[in-house]
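*Asks:* One structure is given below, represented as structure tokens, and several questions about it will come after.
The values are calculated or read from the model by the stated rules, or taken from the named source; none is laboratory data. Everything numeric here is computed off the predicted structure, so don't read it as measured data. Glycine gets a Cβ as well: all are built from the backbone with ideal geometry, and neighbour counts include every protein chain shown.
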Amino acid sequence: MARAEPHARPSVEHTRIFLFSHPRTRSNLFQRLLQTHPQIMFNHCPLMECFMRGPESQWPDELKEEAFKASGLTKEEGDKKHVHLTYQAALDDIEKTLAEAQEKGKFCLIKEHTAHTFDADFLRPYVDYGQRPRPAMVDHKLDVTGSVEEAELQLPSPPFPCYLID
């Protein structure tokens, strides 16, 4: 019986955990348990604020205004206060968290509600959020140290979990 070549397990600095869930699930308990581990760095819902309150919000204006009103803000005040909450800023924050975890030799856990990763066009058949502009993001590779080729070479492929029969 032949066996596939074993691959080295990825080192801690390359271990990234992305937990996609939806609101009000047990993933919150799972997340809280993982957060207690000293080797885990955590970033909670980095896309949520830009999805709901930022200038590229995928929420309808009425919901946005309700959220602002609940915070004691007018629409104009809310827009001004949350102008920095863009999808690009969220992506940069995710990449910075990944880089910081790698630098500290920790595991990185990022939790996000799946709905916050979709644009309004995708969500419209299920919830009518109206026509919203699709956010544009550029990967600044803030989580990559050295050249991109170097980083790609350092990431081993996962081991093949099957035995091959002769």
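*Asks:* Restricting attention to the stretch 73-106, and to residues there that are crowded, with 19+ Cβ neighbours inside 10 Å and touching a residue at least 60 places away in the same chain (Cβ under 8 Å), which single residue is nearest to the chain's Cα centre (by Cα)?
*Replies:* Leu98
*Asks:* Working only within the stretch 49-81, note down all residues that are hydrophobic (A, V, I, L, M, F, W, C), more than 14 Å from Ala115 (Cβ to Cβ) and assigned to a loop (DSSP other than H, G, I, E, B).
*Replies:* Leu73 - this is the single residue of the stretch 49-81 that is hydrophobic (A, V, I, L, M, F, W, C), more than 14 Å from Ala115 (Cβ to Cβ) and assigned to a loop (DSSP other than H, G, I, E, B).
*Asks:* Name the residue that is nearest to Ile110 (Cα to Cα), counting only residues in the stretch 18-72 that are surrounded by fewer than 16 Cβ atoms within 10 Å (Cβ to Cβ) and charged (D, E, K, R).
*Replies:* Looking at residues that are surrounded by fewer than 16 Cβ atoms within 10 Å (Cβ to Cβ) and charged (D, E, K, R), I get Arg32.
*Asks:* Condition first: within 19 Å of Phe20 (Cα to Cα) and of a type in the set (A, V, I, L, M, F, W, C). Can you find one or more residues in the stretch 52-74 that meet it?
*Replies:* Yes, some residue in the stretch 52-74 is within 19 Å of Phe20 (Cα to Cα) and of a type in the set (A, V, I, L, M, F, W, C).
*Asks:* Follow-up question, since we're still on this one. Test Leu109 against the stated conditions and say whether it is buried (at least 18 other Cβ atoms within 10 Å of the Cβ), touching a strand residue (DSSP E or B) at 6+ places or on another chain (Cβ under 6 Å) and either at pLDDT 75 or above or part of a helix (DSSP H, G or I) (or both).
*Replies:* In short, yes.
*Asks:* Which condition does Glu77 not pass, out of (1) under 16 Å from Pro135 (Cβ atoms); (2) at pLDDT 95 or above, if it passes all the others?
*Replies:* Unmet condition: (1).
*Asks:* Can you tell me which residue among Phe18, Phe68 is modelled with pLDDT under 90 and of a type outside the set (Gly, Ala, Ser)?
*Replies:* So the residue among Phe18, Phe68 that is modelled with pLDDT under 90 and of a type outside the set (Gly, Ala, Ser) is Phe18.
*Asks:* Moving to a separate point now. Determine which single condition Pro55 fails, assuming it passes every other condition in (1) more than 22 Å from Phe122 (Cα to Cα); (2) modelled with pLDDT of 90 or more.
*Replies:* So the condition that Pro55 fails would be (1).
*Asks:* State whether one or more residues within the stretch 139-157 are loosely packed, with under 12 Cβ neighbours inside 10 Å, modelled with pLDDT of 75 or more and not acidic (Asp, Glu).
*Replies:* no
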